[in-house]
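These notes are about the structure you will find just below.
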């Protein structure tokens, strides 16, 4: 094994609680539940000797791993880990129009149209291009054997498809509760998932 990745989604924000899409363009803070989730994750994994932390540029990821950052673990932000941009629908109320719009674009993605996107937003293919760049940075740091990555729900699903060589139509196969953990091992150019959708820290601490 050349590298082990702990990939987590950020903690809950108030817009998460309300079912409103944030995307790349809405820079929300964690709410009280999200901060508790982050603390629960830290309490369970604080003794893991991470050599590096990577997050997106969005503050909700920074706040989720703040305990590790404050403990002095080196930290780098990569824009390639940002959430998919939902364009015109970011921050809009979760009403009938929004539900219909999202249902329509999810069907396009399910049918293999990975270039489909909302006005002003990103397609899955666009996100994966920047994720490939981010992963090249992470993989190039061969001295970093144990890495913590904090990112976003939809982007996490796309990244896991990329790393596991799955078609993007299978992105729904990766659940993404707030602060869920996926552990992956990298050997050569091959990733394997060793821990799938682990939320045990939430069950014991919240």
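The listed residues are 141, 103, and the only one of them that is in contact (Cβ under 8 Å) with a residue 40 or more places away in the chain and either surrounded by fewer than 15 Cβ atoms within 10 Å (Cβ to Cβ) or out of contact with any helix residue (DSSP H, G or I) (no Cβ under 8 Å at 6 or more places or on another chain) (or both) turns out to be 141.
When residue 94 is tested against (1) part of a loop (DSSP other than H, G, I, E, B); (2) surrounded by fewer than 15 Cβ atoms within 10 Å (Cβ to Cβ); (3) at pLDDT 95 or above, only condition (3) is not met. Counting only strands (runs of 3 or more DSSP E) that fall entirely inside the range 105-201 and contain at least 3 residues that are within 13 Å of the chain's Cα centre (by Cα), the qualifying elements are 146-151, 181-187. When residue 7 is tested against (1) outside any strand (DSSP E or B); (2) in contact with a strand residue (DSSP E or B) (Cβ under 6 Å, 6 or more places away or on another chain), only condition (1) is not met.
The values are calculated or read from the model by the stated rules, or taken from the named source; none is laboratory data. Predicted, not measured: the structure shown is a model, and the values here were computed from it. Backbone-built Cβ (ideal geometry, glycine too); neighbour counts: all protein chains shown.
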